[in-house]
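> Okay, here's the structure, questions in a sec.
Bear in mind that the values in this text are calculations on the coordinates, not laboratory data. For clarity, every value in this text was computed on a predicted model and none was experimentally measured. Neighbour counts run over all protein chains shown; Cβ positions are idealised from the backbone, glycine included.
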Amino acid sequence: MSEDILSLIKENVVQGRINQEDEGMEEGMEGKPAVTELVQKALDDGIDVQKIINDGLTSGMDIVGQKFEKKEYYIPDMLASAEAVGAAMEMLEPHLAKNGIEPKGKIIVATVKGDLHDIGKNIVTILLRGAGYLVKDLGNDIDDQTIVDAVKKEQPQFLGLSALLTSTMTHMRAIVQSLKDAGIRDKVKVIVGGAPVSEQFAKDIGADGFGADGFQAVSVIDSLNS
Ligand code: B12
């Protein structure tokens, strides 16, 4: 029985359906319970929260990731699924705390100064939350010092920086340097991403990792976390 509802959650994540009014990718889904209604039902049925996340939401996003890689899905499709997972995670967050499930680690994310692009960062945030990390999102257009101060205060294991402009990605190098100057570079692993950013750029500026998309962001952070 619990398998049924979990596979329905998974299917609806793939369809990118948040509520029952949503149409989804396939015909004839409108009116049927979608991710949020199914997650509520799973909670009411007493299904373990971690099972809902792993076997429903995350395995749904895994399929979305594969479809994205095979170019069967495009960015709007991925966003719809990511939003459905985000809505479900908001419902599950209080239950995670209540059940004493420890987050896998703490991450601060931000889009750097002068850069208003936040769609990619938001996807990364949602996927990391879905993967069990506690993510503090500072927002976009965040100046270097605010980011360094947040690392000092929050002491996260990871700092995820996003930049979409060649003119703003230079802040990433400056932030790595500021972390060194503040004597806290070895306390936090810095992961960078965004369309103009590359593996080579990450190496050049002394970052610890690079993710080309949200799924890589999760796997890179998972591997640095183990
Ligand atoms: C949407 C968009 C906008 C929107 C942003 C809305 C928003 N809320 O984000 C608006 C209209 C505001 C905008 C404005 C501008 N934009 Co614009 N914009 C885009 C566009 C079309 C899509 C970006 C996007 O959201 N992609 C979808 C997301 C999902 O992809 P992503 O951001 O790359 O994120 C993924 C990965 O990179 C990675 N990732 C991202 N961040 C992180 C972080 C970490 C830690 C990790 C591990 C991974 C990771 O994972 C994400 C999910 O898979 C791109 C073109 C393009 N195709 O990229 C141009 C583009 C980025 N913009 C561009 C420009 C020039 C501008 C403007 C200067 C335009 C202008 N003249 O006003 C302004 C600048 C505003 C500013 N100061 O930031 C140029 C940049 C050129 C360059 N190389 O510098 C681009 C490439 C368009 C172009 N071809 O000219 N833009």
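> Specify the longest stretch of the chain that does not include any exposed loop site, a site being one of the trypsin sites (Lys or Arg not before Pro) with a non-H, G, I, E, B DSSP assignment and at most 10 other Cβ atoms within 10 Å. Walk me through the numbers on the way to the answer.
Values: sites that count: LYS70, LYS71.
Free of exposed loop sites, the longest segment is 72-226.
> Quick check on the chain: helices-only [θ] at 222 nm, where DSSP H runs of length 4 and up contribute -39,500 (n - 2.57) each and the sum goes over total residues. Nearest 500, please.
Values: 9 runs with 112 residues, N = 226.
Calculated mean residue ellipticity at 222 nm is -15500 deg cm²/dmol.
> Mind checking the angle between helix 35-44 and the chain's longest principal axis? C-alpha axes, 0 to 90 degrees, to the nearest 10.
70 degrees
> How many angstrom lie between the Cα centre of region 144-179 and the Cα centre of region 53-130?
Spelled out, the Cα-based centre of one part sits 21 Å from the other.
> For the chain, modelled as a Gaussian network with Cα springs under 10 Å, which listed residue fluctuates most, PRO103, PRO76, PRO196?
Comparing PRO103, PRO76, PRO196 in the GNM, the peak value goes to PRO76.
> Next question, about the same structure. How much net charge surrounds ASN225 when only other residues with a Cβ under 15 Å from its Cβ are counted (Lys, Arg +1; Asp, Glu -1)?
Numbers: positive: LYS104, LYS106, ARG129, LYS187, LYS189; negative: GLU102, ASP208, ASP222.
Spelling it out: positives minus negatives among the neighbours equals +2.
> Enumerate lysine pairs in region 2-98 that are 8 or more residues apart or on different chains, then count those whose Cα atoms are under 26 Å apart.
14
> Pairing the Cα long axis of helix 75-98 with the longest principal axis of the chain, what angle in degrees results, from 0 to 90 and rounded to the nearest 10?
Roughly 90 degrees between the two axes.
> For region 2-98, build the charge dipole from Cβ charges (+1 Lys, Arg; -1 Asp, Glu) around the Cα centre, then report which of GLN20, ALA34, ALA88 sits farthest towards its positive end.
ALA88
> At q = 0.08, 0.12, 0.14, 0.16 Å⁻¹, what log₁₀ I(q)/I(0) does a Debye calculation on the Cα points of region 72-226 give, no solvent, two decimals?
Normalising to I(0) and taking log10 leaves -0.21, -0.47, -0.65, -0.85.
> Normalised by the number of residues in region 2-98, what is the relative contact order in percent for Cα pairs under 8 Å and 6+ residues apart?
On the way: 119 pairs, mean separation 34.3, N = 97.
RCO, region 2-98: 35 percent.
> Specify the angular offset, from 0 to 90 degrees and rounded to the nearest 10, of the alpha carbon long axis of helix 214-225 from the longest principal axis of the alpha carbons in the chain.
70 degrees
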